[in-house]
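Just below is one structure, and these are the notes that go with it.
The values are calculated or read from the model by the stated rules, or taken from the named source; none is laboratory data. Since the structure is predicted, the reported quantities are computational estimates derived from the model, not experimental observations. Using ideal geometry, Cβ is built from the backbone for each residue, glycine included, and neighbour counts are taken over all protein chains shown. To get the accessible areas, we keep the full protein, side chains included, count just its heavy atoms, and leave off ligands, DNA and RNA. Shrake-Rupley method; radii C 1.70, N 1.55, O 1.52, S 1.80 Å.
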Amino acid sequence: MARSSTRPTSRDVAQAAGVSQAAVSLVLGEKWRGRVSETTAERVREAARDLGYRPNLAARNLRLGHTRTVLLVVPALTTEFFAGVYTGAARVAADHGFGVVLYPSPEGIGPARDPFASAQAALDGVIASSMAADALTAIRGDQLPLVMLDSDPTGSLGAATVNLDITDGIRQVTDHLLTLGHRDVLHLAADVPSWTFDVRRHALAARMAATPGTHLRTAHAPISIEGALTATTTALTAPGPRPTAIVCDDDKLAAGAYKALRRLGLRIPQDISVTGLDDLALATALDPELTTVRLDAELFGERGMHALLAVLDGREPDRQDIPVHLVVRGSTAPPHTP
């Protein structure tokens, strides 16, 4: 049978098979059993193959009220971490016939303008990371399935939460420094009102408090190299004993701390040790290379998408935190003894 130069339609298939368009829809939608004969079904499939016909899944999904599209909401894409989250989510989505639309909040971390008002009818679900609760009100009101990343599981608006085991990551960092002999530590904390940074602060304070003879002080900084440079300089030029180690909430803050230490004439790690958290490409670009905690961004995205698929299917999502791992490099050493 010769193929038409235009895209074949279900009407063309119906005419070629000698059946109605309704029968074509039943057969190609795998709903024919008990409604048309096996012989007729095979005739429809053969006609569709000969014509090169493919159902318009987008139109069918719209008619059914589903677009198989998920919105991934992340802070502004200032590091490759959230690109990795997207890569992982999109990989799993593609395996299940879904697409992922990325929405980087223009305000960065924190409340975002509602991106959903014009798109609610075109979304099957939302995966949201590091957004304030008020930015999610519209989603909740319209009953879109929602999975939260990096969020308090006891107070989340989402139907499920997916978290990295940040508490264990901070435990690994702290134990590493304590084993090296550090007792006076500066926490370079992200000045961001976010649950994930609260977890870092509480975990570090608890681990230090459990070890006698330790001292922990905190300096807050915006997540920028310049902000970290300023906060570190201020903390290290204040009166009193100088800390022997700096625990940074992420790798970008550690990079700012490096600049501050160099300007103050301090050597890493001979005079002061530095740790980060993320294991971005930046961690190995620094000299010495940064001791940090590796967070698997792609696995994070994969688990977020798997959780949303479970919610959409009415299944219980995996609630286990994702393991993280300390990567020891050249930025940590035993404290210098005069």
Inter-residue pairs, beta-carbon under 7 Å, first under 18 Å from residue 171 (Cβ atoms) and in the stretch 188-212, second among the aromatic types (Phe, Trp, Tyr), 6+ apart:
189/197
Only one of (1) at pLDDT 95 or above; (2) over 28 Å from residue 217 (Cβ atoms); (3) open to solvent by 10 Å² or more (accessible area, probe 1.4 Å) is not met by residue 328, so which one is it?
(2)
Out of the residues in the stretch 283-322 meeting the condition of being without any contact (Cβ under 8 Å) to a residue 60 or more places away in the chain and among the hydrophobic types (A, V, I, L, M, F, W, C), tell me which one is surrounded by the most Cβ atoms within 10 Å (Cβ to Cβ).
290
Any residue in the stretch 220-235 that is more than 26 Å from the chain's Cα centre (by Cα), open to solvent by 50 Å² or more (accessible area, probe 1.4 Å) and within 25 Å of residue 168 (Cβ to Cβ)?
no
Looking only at the stretch 143-166, and only at residues there that are buried (at least 18 other Cβ atoms within 10 Å of the Cβ) and of a type in the set (Ser, Thr, Tyr), the one that is nearest to residue 261 (Cα to Cα)
151
Residues of the stretch 155-183 satisfying the condition of being among the acidic types (Asp, Glu) and in a helix (DSSP H, G or I)
168, 175
Going through the stretch 3-27 one residue at a time, which ones are open to solvent by 40 Å² or more (accessible area, probe 1.4 Å), part of a loop (DSSP other than H, G, I, E, B) and modelled with pLDDT of 85 or more?
18, 20
Within the stretch 28-99, which helices (runs of 4 or more DSSP H) (wholly inside it) include 3 or more residues that are modelled with pLDDT of 75 or more and open to solvent by less than 90 Å² (accessible area, probe 1.4 Å)?
38-51, 81-95
Mind checking which residues of the stretch 176-187 are open to solvent by less than 40 Å² (accessible area, probe 1.4 Å) and either of a type in the set (S, T, N, Q) or without any contact (Cβ under 8 Å) to a residue 60 or more places away in the chain (or both)?
178
Being out of contact with any Asp or Glu (no Cβ under 7 Å at 6 or more places or on another chain) and farther than 13 Å from residue 322 by Cα is the filter here, so list the residues in the stretch 280-305 that pass it.
284, 285, 286, 287, 288, 289, 291, 305
When you scan the stretch 192-214, how many residues do you find that are surrounded by 14 or more Cβ atoms within 10 Å (Cβ to Cβ) and not in a helix (DSSP H, G or I)?
3
Being part of a strand (DSSP E or B), over 16 Å from the mean Cα position of the chain (by Cα) and under 29 Å from residue 86 (Cβ atoms) is true for just one of 253, 312, 326. Which residue is that?
326
For the stretch 223-232, state whether one or more residues are in a loop (DSSP other than H, G, I, E, B), free of Cβ contacts under 8 Å to residues at least 40 places away in the same chain and over 30 Å from residue 88 (Cα atoms).
no
